[in-house]
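Here the structure comes first, spelled out in structure tokens, and everything after it is commentary.
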Amino acid sequence: MILSIESSCDDSAIAITEIATKKLLFHKKISQELEHSVYGGVVPELAARLHAEALPKILEECKPYFKELKAVAVTSSPGLTVTLIEGVVMAKAISIALDIPIIGVNHLIGHIYSLFIEKETQFPLTVLLVSGGHTQVMEVKNLQEIKTIAKSMDDSFGESFDKVAKMMNLGYPGGPLIQELAKGGDRKRYNFTVPLHQSPLIAFSYSGLKNSVRLAIEAANEDDFKDIAASFEHIATAHIIQKLKKYFKAVPPKTFAIVGGASANLYLRSQIEELLKPYKAGLLLSELKYCSDNAAMIGRVGVEMYEKGMFSSLDELEVCPKSVI
Ligand code: KG4
Ligand code: ZN
């Protein structure tokens, strides 16, 4: 079995995965949404302190599995430095105490492998990762061959939902709150500009849209918020659809996947389903409970890396806040 730890942002999570069967034997996550909600976003130092309290509590429940562990996998990049450290320090302690190897896992690859929890992998894939930290399109051949096609130049898709929700004083995380508010709203009422719509670049940008929404909120009263939310969600999604359309002209999709916390967005899912129809491309989605950060996806990558002998050395494994893919 592999014990896996996730602490890259505001979720403390530990999982136990059986290597031979990929079965998830244990998974527990303690989220910090309530604690960060008052600030309208994640406060890194507060998050680190909460990980330091939560992770040992969850680990206590994993003790019955200790004798069976063959390795410990931990998210080591990308993420918030101070919160990544909490997980990596715990993983190093486990590695030393139980004399088992350590595996440093890239969180973005973790999101890709959220598609394969308790399943076999299915490659090649074109993947859209939409989370609080990333808006990224990747061509994934396998664990070691991942090519990034497009990234966000500033804010990410999920982050823009968090910021718009904060401007409306709705709380955190903003994605589900905006999605809910948008349900009763008019998507066409606010004619926000689709970011980069005249640019030939295949890239994403959300800071301009966020500022347009800010101006609309300032000029509106609360009755208008649902229409602003609906129009924002529509344009934020249209931006992704436009860029994917452009990319698909050059490289038609065969199997497409959406992963990351914001892949739970139902409007985005429905628009991508429409986009894929003419290509007759398959669509893979993670189970809703594994879209947001969790340790099961880190464990699933851990199994793959264990089988390939991709271990880290205890001295060299360091946290890295920036992504390398
Ligand atoms: O993957 P994740 O849990 O953490 C990161 O790796 O960043 O993603 C969290 C992000 C937050 O920005 C949250 O607002 C967004 O995913 N999110 C959504 C939805 N549910 C979560 N964004 C849009 N619509 C949703 N339904
Ligand atoms: Zn994530």
**OP:** Arrange the peptides 22-31, 210-219 so that the one whose residues have, on average, the most other Cβ atoms within 10 Å appears first.
**Re:** 22-31, 210-219
**OP:** Find, to one decimal place in angstroms, the Kirkwood hydrodynamic radius of the stretch 165-226, where the mean of 1/r is taken over every pair of different Cα atoms and then inverted.
**Re:** 13.0
Original post:
How big is the stretch 186-304 by Rg and Dmax over its Cα atoms, in Å?
Top reply: 16.7, 52
Subject >> More than 19 angstrom apart: percent of Cα pairs within the stretch 1-85 >> reply: 39
**OP:** Report ³J(HN,Hα) in whole Hz for each residue of the stretch 280-285, in order, from the Karplus equation J = 6.51 cos²θ - 1.76 cosθ + 1.60 where θ = phi - 60°; Gly and Pro get x.
**Re:** 6, 8, x, 10, 9, 10
**OP:** Work out from phi, with θ = phi - 60° and the Karplus expression 6.51 cos²θ - 1.76 cosθ + 1.60, the ³J(HN,Hα) of each residue of the stretch 260-273, listed in order in whole Hz, and give x for Gly and Pro.
**Re:** x, x, 7, 5, 6, 5, 6, 5, 4, 4, 5, 5, 5, 4
Original post:
How much of the DSSP beta bridge set in the chain is antiparallel, as a percent to the nearest 5?
Top reply: 55
Original post:
P(r) of the stretch 258-325 in 10 Å steps, Cα pairs, percent per bin?
Top reply: 16, 33, 30, 16, 4, 0
Subject >> Under the Debye formula (equal points on every Cα, no solvent term), log10 I(q)/I(0) of the stretch 84-228 at q = 0.09, 0.14, 0.20, 0.21 Å⁻¹ >> reply: -0.42, -0.86, -1.21, -1.26
Original post:
Around G132, which amide H atoms from residues at least 5 apart in sequence, or from another chain, sit under 5 Å from its own amide H, with H modelled in the peptide plane?
Top reply: G261, A262
Original post:
Hey, can you rank 37-48, 57-68, 225-236 by average C-beta count inside 10 Å, highest first?
Top reply: 225-236, 37-48, 57-68
Original post:
Taking all protein chains as present, what is the carbon and sulfur share of the accessible area of the chain, in % to the nearest whole number, probe 1.4 Å?
Top reply: 53
Original post:
Which whole-Hz ³J(HN,Hα) couplings does the stretch 198-210 yield from phi under the Karplus relation 6.51 cos²θ - 1.76 cosθ + 1.60, θ = phi - 60°, glycine and proline marked x?
Top reply: 9, 8, x, 4, 9, 7, 10, 8, 10, 6, x, 4, 4
Original post:
Computed from the mean reciprocal separation of all distinct C-alpha pairs, what Kirkwood hydrodynamic radius does the chain have, in Å?
Top reply: 20.2
**OP:** For the stretch 206-249 and the stretch 54-86, compute the distance between their C-alpha centroids and round to whole Å.
**Re:** 38
**OP:** Subtracting the Cα-Cα distance from 0.36 nm times the residue separation, let me have the gained length for A281 to R214 in nm, one decimal.
**Re:** 20.4 nm
**OP:** Tell me what the chain gives for mean residue ellipticity at 222 nm when only DSSP H runs of n ≥ 4 count, each as -39,500 (n - 2.57), the sum divided by the residue total, rounded to 500 deg cm²/dmol.
**Re:** -13000 deg cm²/dmol
Original post:
the stretch 105-145: which GluC sites (Glu not before Pro) are DSSP loop and have at most 14 other beta-carbon atoms within 10 angstrom?
Top reply: E118, E120
**OP:** May I have the pair-distance distribution P(r) for the stretch 137-198, computed from all Cα-Cα distances with 5 Å bins from 0 and rounded to whole percent?
**Re:** 4, 14, 16, 19, 16, 13, 10, 6, 3, 0
**OP:** For A150, list long-range residues whose amide hydrogen, built 1.01 Å from N in the peptide plane, is under 5 Å from its own amide hydrogen.
**Re:** V137
Original post:
Radius of gyration and Dmax for the stretch 75-128's Cα atoms, expressed in Å?
Top reply: 13.8, 40
Subject >> Peptides 285-294, 11-20 ordered by average Cβ neighbours within 10 Å, highest first >> reply: 11-20, 285-294
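The values are calculated or read from the model by the stated rules, or taken from the named source; none is laboratory data. Since the structure is predicted, the reported quantities are computational estimates derived from the model, not experimental observations. No Cβ is skipped: glycine too gets one built from the backbone with ideal geometry, and neighbour counts run over all protein chains shown. Please note that ligands, DNA and RNA were not included when accessible areas were found on the heavy atoms of the full protein model with its side chains. Shrake-Rupley method; radii C 1.70, N 1.55, O 1.52, S 1.80 Å.
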